[in-house]
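Q: Provided herewith is a single structure, encoded as structure tokens, for subsequent inquiry.
The values are calculated or read from the model by the stated rules, or taken from the named source; none is laboratory data. This is a predicted model, so every value here is computed, not measured. Reconstructed Cβ throughout: ideal geometry from the backbone, glycine too, with neighbour counts over all protein chains shown. Each accessible area value is taken on the protein alone, full model and side chains, heavy atoms only, with ligands, DNA and RNA left out. Shrake-Rupley method; radii C 1.70, N 1.55, O 1.52, S 1.80 Å.
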Amino acid sequence: MAYTIALNFEDGVSRFIECNENEKVLDAAYRQQVNLPMDCSDGVCGTCKCHCESGRYDLGDEYLEEALSEQEFEDGQVLTCQMIPNSDCVISVPLSSQMCKTGSETYTAQVVRAESLSDSAIELNLELTSHLGVPFLSGQYVNIQLPNSQDTRAYSFSSMPGEKTLSFLIRNVPNGRMSQYLTTQAKPGDVLNLTGPQGSFYLREVTRPILMLAGGTGLAPFLSMLHQLQGSGLKHKVHLIYGVSRDVDTVKLAQLEAFAAQIPQFSFSVCVTDPASSAELKGYVTDHIEPGQINDGEVDIYLCGPPPMVEAVITFLKSKSITPRNFYYEKFAPQVSKETA
């Protein structure tokens, strides 16, 4: 039996390693050419200290308290030289990937389809040619290189981790180089290079209600998260508020309805800012956050949208004197020079 360990470095790079049964994380990392920080390897110095964000593990009792205090243990700090996983785990490493002599993986994929879902959103489907799948955490992104160029654009996966077929929901940016390629030039069989995964915006272990807030194509990472939640035995409510500017900007509603039918604890609502909209809910996302969805702060909020939306939600929470248990957000700025969602 082997467990998948996601190592998230402070420069945003993620690397995935396999840890065998009864194998220590540090040993597994070195076996796979990832040089995690280490000095003594005996639980004495604390040099290999990292933070485990999710997963089950055993640290034994042979390390010194000077290396890892009881409070640090309670806070999820771990010594990778002593840590033996009992499940898949996500570990934050307080160093850059370069300092650990590793980096992002590079993949090649062929275009299967590039379809304009609306005049503001494009769906890109790719099939890997270099690997059987891309390991990533639902919500993360990958850098896609423009054909015949060194320029890259960062896009969040909307598909399930580990699959050979990848999907992305991409904002159609006027005069954007990637947007122009996808809408006027892309054809099946085109080869694209991908580098990643990256990003600290990803689904954590669900231990309380979740409120998801998506703006436009910021819906993409939530589609990936909902794929992951299918069949997970979800015990807490998850509600998504999906906000767009115009009626024609709403996409993937059939997929959201399918998720709602397949995931008993999941529900969603859509709001449109255009006053002339035919939608039942008009206005901004913050106009439609209900008290029960905030749960007096005992909630994890995930937000992906443009910077003004992020700032509006922060202001809204402050106005309600609500501090959510966790607040994870990804800002994207749809510019000609950089498209990130």
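Q: Residue by residue through region 300-317, note down the ones that are over 23 Å from K237 (Cα atoms) and charged (D, E, K, R).
A: Correct list: E311 only.
Q: Is at least one residue of region 10-18 open to solvent by less than 70 Å² (accessible area, probe 1.4 Å) and over 20 Å from the mean Cα position of the chain (by Cα)?
A: no
Q: Separate question: So which residues in region 194-251 are part of a strand (DSSP E or B) and under 13 Å from Q140 (Cβ atoms), if there are any at all?
A: Of the residues in region 194-251, the ones part of a strand (DSSP E or B) are 194-198, 210-215, 238-244.
Passing the criteria: L194, T195, G196, P197, Q198.
Q: Collect the residues in region 249-265 that are more than 19 Å from G215 (Cβ to Cβ) and either open to solvent by less than 50 Å² (accessible area, probe 1.4 Å) or touching a helix residue (DSSP H, G or I) at 6+ places or on another chain (Cβ under 6 Å) (or both), keeping them in residue-number order. Spell out how you get there, then give the answer.
A: Of all residues in region 249-265, those more than 19 Å from G215 (Cβ to Cβ) come to 254, 257-258, 260-265.
Matches in region 249-265: A258, A260, I263.
Q: Now a separate question. Just the residues that are open to solvent by 20 Å² or more (accessible area, probe 1.4 Å), in contact (Cβ under 8 Å) with a residue 40 or more places away in the chain and in a strand (DSSP E or B), please, taken from region 122-135.
A: N125
Q: Identify all residues within region 100-119 that are crowded, with 19+ Cβ neighbours inside 10 Å, over 21 Å from the mean Cα position of the chain (by Cα) and modelled with pLDDT under 95; write none if there are none.
A: The one that is crowded, with 19+ Cβ neighbours inside 10 Å, over 21 Å from the mean Cα position of the chain (by Cα) and modelled with pLDDT under 95: C100.
Q: List the pairs whose first member sits in region 53-79 and is over 20 Å from T207 (Cβ atoms), whose second member is among the hydroxyl-bearing types (S, T, Y) and open to solvent by 30 Å² or more (accessible area, probe 1.4 Å), and whose Cβ atoms are under 7 Å apart, counting only residues at least 6 apart or on separate chains?
A: L79/Y63
Q: In the set N148, N143, N175, which member is without any contact (Cβ under 8 Å) to a residue 24 or more places away in the chain and either assigned to a strand (DSSP E or B) or open to solvent by 40 Å² or more (accessible area, probe 1.4 Å) (or both)? Step through it out loud before you land on a result.
A: On the way: N143 fails: without any contact (Cβ under 8 Å) to a residue 24 or more places away in the chain; N175 fails: without any contact (Cβ under 8 Å) to a residue 24 or more places away in the chain.
That would be N148, the only listed residue that is without any contact (Cβ under 8 Å) to a residue 24 or more places away in the chain and either assigned to a strand (DSSP E or B) or open to solvent by 40 Å² or more (accessible area, probe 1.4 Å) (or both).
Q: On to the next question. Out of everything in region 54-76 that is under 25 Å from the mean Cα position of the chain (by Cα) and open to solvent by less than 50 Å² (accessible area, probe 1.4 Å), what residue ends up being nearest to M1 (Cα to Cα)? Outline the logic, then answer.
A: Taking region 54-76 as the starting set, the residues that turn out to be under 25 Å from the mean Cα position of the chain (by Cα) are 54-57, 75-76.
Subsequent filtering for residues that are open to solvent by less than 50 Å² (accessible area, probe 1.4 Å) retains 54-55, 76.
On the way: S54: 19, G55: 16, G76: 24 Å.
Looking at the filtered set, the residue picked out is G55.
Q: Filter region 151-167 down to the residues that are of a type outside the set (A, V, I, L, M, F, W, C) and assigned to a strand (DSSP E or B) and list them by number. Quick ask: steps written out before the conclusion?
A: Taking region 151-167 as the starting set, the residues that turn out to be of a type outside the set (A, V, I, L, M, F, W, C) are 151-153, 155-156, 158-159, 161-165, 167.
Those that are of a type outside the set (A, V, I, L, M, F, W, C) and assigned to a strand (DSSP E or B): T152, R153, Y155, S156, T165, S167.
Q: Return the total of residues in region 252-274 being assigned to a loop (DSSP other than H, G, I, E, B), closer than 18 Å to Q293 by Cα and not β-branched (V, I, T). Give the derivation first.
A: Kept after step one, since they are assigned to a loop (DSSP other than H, G, I, E, B), are these residues of region 252-274: 252, 263-265, 273-274.
Then keep just the ones that are closer than 18 Å to Q293 by Cα; that gives 263-265.
With not β-branched (V, I, T) added as a condition, the list becomes 264-265.
Number of matching residues: 2.
Q: Let me confirm something: among R246, R204, which residue is touching a residue at least 24 places away in the same chain (Cβ under 8 Å), among the basic types (K, R) and open to solvent by 50 Å² or more (accessible area, probe 1.4 Å)?
A: After ruling out the rest, the residue left standing is R246.
Q: Would you mind finding the one in M1, M38, M83 that is of a type in the set (A, V, I, L, M) and loosely packed, with under 14 Cβ neighbours inside 10 Å? I'd like the intermediate steps shown before the answer.
A: Numbers: M38 fails: loosely packed, with under 14 Cβ neighbours inside 10 Å; M83 fails: loosely packed, with under 14 Cβ neighbours inside 10 Å.
Checking each option against the conditions leaves just M1.
Q: Here's another thing I want to ask about it. Does T315 meet the test of being more than 20 Å from the chain's Cα centre (by Cα) and surrounded by fewer than 19 Cβ atoms within 10 Å (Cβ to Cβ)? Working first, answer last.
A: Numbers: more than 20 Å from the chain's Cα centre (by Cα): yes; surrounded by fewer than 19 Cβ atoms within 10 Å (Cβ to Cβ): yes.
So T315 passes the test.
Q: Take the conditions under 30 Å from Q180 (Cβ atoms), in contact with a Ser or Thr (Cβ under 9 Å, 6 or more places away or on another chain) and outside any strand (DSSP E or B) and apply them to S138. Does it pass? Show your work before the answer.
A: Values: under 30 Å from Q180 (Cβ atoms): yes; in contact with a Ser or Thr (Cβ under 9 Å, 6 or more places away or on another chain): yes; outside any strand (DSSP E or B): yes.
Considered against the rule, which asks whether it is under 30 Å from Q180 (Cβ atoms), in contact with a Ser or Thr (Cβ under 9 Å, 6 or more places away or on another chain) and outside any strand (DSSP E or B), S138 comes out as yes.
Q: Out of all the residues in region 289-307, which are surrounded by 16 or more Cβ atoms within 10 Å (Cβ to Cβ), of a type outside the set (V, I, T) and assigned to a helix (DSSP H, G or I)?
A: Filtering region 289-307 for residues surrounded by 16 or more Cβ atoms within 10 Å (Cβ to Cβ) gives 289, 293-295, 299-306.
After this cut, where a residue has to be of a type outside the set (V, I, T) as well, the list is 293, 295, 300, 302-306.
Correct list: Q293, N295.
Q: A follow-up question, please. Out of H239, H227, which single residue is within 24 Å of N8 (Cα to Cα) and open to solvent by 10 Å² or more (accessible area, probe 1.4 Å)?
A: On the way: H239 fails: within 24 Å of N8 (Cα to Cα).
Among H239, H227, only H227 is within 24 Å of N8 (Cα to Cα) and open to solvent by 10 Å² or more (accessible area, probe 1.4 Å).
Q: Looking for whichever is open to solvent by less than 40 Å² (accessible area, probe 1.4 Å) and closer than 24 Å to A254 by Cα here; the options are V310, V270. Which one fits? It would help to see each step written out before you state the result.
A: Working: V310 fails: closer than 24 Å to A254 by Cα.
Going through V310, V270 in turn, the sole match is V270.
Q: Listed residues T195, T183, T165; which is hydroxyl-bearing (S, T, Y), more than 17 Å from the chain's Cα centre (by Cα) and more than 16 Å from A220 (Cβ to Cβ)?
A: On the way: T195 fails: more than 17 Å from the chain's Cα centre (by Cα); T165 fails: more than 16 Å from A220 (Cβ to Cβ).
When all the criteria are applied, what remains is T183.
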